[in-house]
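Trainee: Below is one structure. I have some questions about it.
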Amino acid sequence: MSLAGKRALVTGASGALGGAIAERLARDGATVLLHANGQPAAVERLAETIRAAGGRAECTVFDLRDDQAVSAACERMLGAGPVQILVNNAGVHDDAVLPGMRAEQWHRVIDVSVNGFFRVTQPLLLPMLRTRWGRILNISSVAALTGNRGQVNYAAAKGALNSATKALSLEVASRGVTVNAIAPGIIASPMADAAFDAAAIAQMVPARRAGTPREVAALAGFLVSDDAAYITGQIISVNGGMA
């Protein structure tokens, strides 16, 4: 499943999941463009790790909530040619039950996941379509499928991303571009480790463990490969049987 000659942007590559996906795509031959906003040092370290393993990686830092910053970053990336693989992974939590949720909590979560998807995908899409080969992969969440207390904003954002996945897949399928989403469940990471202890995970997850970033990255690697050329418009959950 070689991705040699392909350029892949992974947003939110400073996190555990984005980093694992970036490493997988680099291992499969893609040149990975590692996006971060608040943690530029993390993607620099990731780029060094990828290069040390023989891969190709570049770093790009911009705020997904800033129209002008995203537009300028996309223009810079396109200066080196089309981006044929796009992984919309960036997202944030800002949890609260809805009666106590502040407006800024709602808007921030929606802005990063939903508006961020538009800001990045729209300018990169036409150059991708012209190559008649492309892969767009949106990282959703099991919260969009089952709901989760205290995460109405997050579930709404990821649910919107699922719907955008379905609709966009119809627009671009005839041009060799697939659009799919992965909806992870509880995946081991500093954020998940702080929210769930082993006993809670064993109760919530039929597999009785958290998933690993590499298990999600394995699916991502498959979905962006030529082997998955006939799979599009799908929301695939990796959750140990939660949903």
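Each value in this text was obtained by applying a stated rule to the coordinates, not by laboratory testing. The model shown is predicted, which means the values in this text are computed figures rather than measured ones. Note: ideal-geometry Cβ built from the backbone for every residue, glycine included; neighbour counts use all protein chains shown.
Trainee: Given the options 136, 182, 231, state which has the largest fluctuation in a GNM of the chain using a 10 Å cut-off (strictly under) for Cα springs.
Mentor: 231
Trainee: Moving on. Please report the base-10 log of the normalised intensity I(q)/I(0) for the range 7-237, using a Debye sum with one equal scatterer per alpha carbon and no solvent, at each q in 0.15 (1/Å).
Mentor: -1.01
Trainee: Another question, if that's okay. Does anyone have the angle between helix 116-131 and the longest principal axis of the chain? Alpha-carbon axes, 0 to 90°, nearest 10?
Mentor: Its long axis makes an angle of about 30 degrees.
Trainee: Over what distance in Å are the Cα centres of the range 174-243 and the range 28-62 separated?
Mentor: Taking the Cα centre of the range 28-62 as reference, the centre of the range 174-243 is 22 Å away.
Trainee: Between residue 48 and residue 226, what is the FRET efficiency for a Förster distance of 22 Å, r being their Cβ-Cβ separation, to the nearest 0.05?
Mentor: 0.15
Trainee: Name all residues of the range 121-162 having a backbone nitrogen under 12 Å from the label point set 7 Å from the Cα of residue 200 along its Cα→Cβ direction, giving them as ranges.
Mentor: Counting backbone N atoms under 12 Å from the label point, the list is 149-150.
Trainee: Also, quick follow-up: Report, to one decimal in Å, the Kirkwood hydrodynamic radius for the range 129-203 based on all distinct Cα pairs.
Mentor: By the Kirkwood definition, the hydrodynamic radius is 14.1 Å.
Trainee: Follow-up. If you average the sequence gap of Cα pairs under 8 Å that are 6 or more apart and divide by the length of the range 163-243, what percent do you get for the contact order?
Mentor: 46 percent
Trainee: Moving to a separate point now. How big is D, in µm² s⁻¹, for the range 119-243 by Stokes-Einstein at 4 °C and 1.567 mPa s if Rh is the Kirkwood radius over C-alpha pairs?
Mentor: Answer from the Stokes-Einstein relation: 84 µm²/s.
Trainee: Connecting C-alpha atoms closer than 10 Å in a GNM of the chain, tell me which of 149, 209, 56 has the biggest fluctuation.
Mentor: Greatest mean-square fluctuation among the candidates belongs to 149.
Trainee: Shifting gears a bit: Please name whichever of 152, 90, 169 sits farthest to the positive end of the charge dipole of the range 7-237, dipole taken about the Cα centre and charges placed at Cβ: Lys and Arg +1, Asp and Glu -1.
Mentor: After comparing all options, I get 169.
Trainee: Work the Kirkwood hydrodynamic radius out for the range 61-122: mean of 1/r over every pair of different alpha-carbon atoms, inverted, in Å.
Mentor: 12.9 Å
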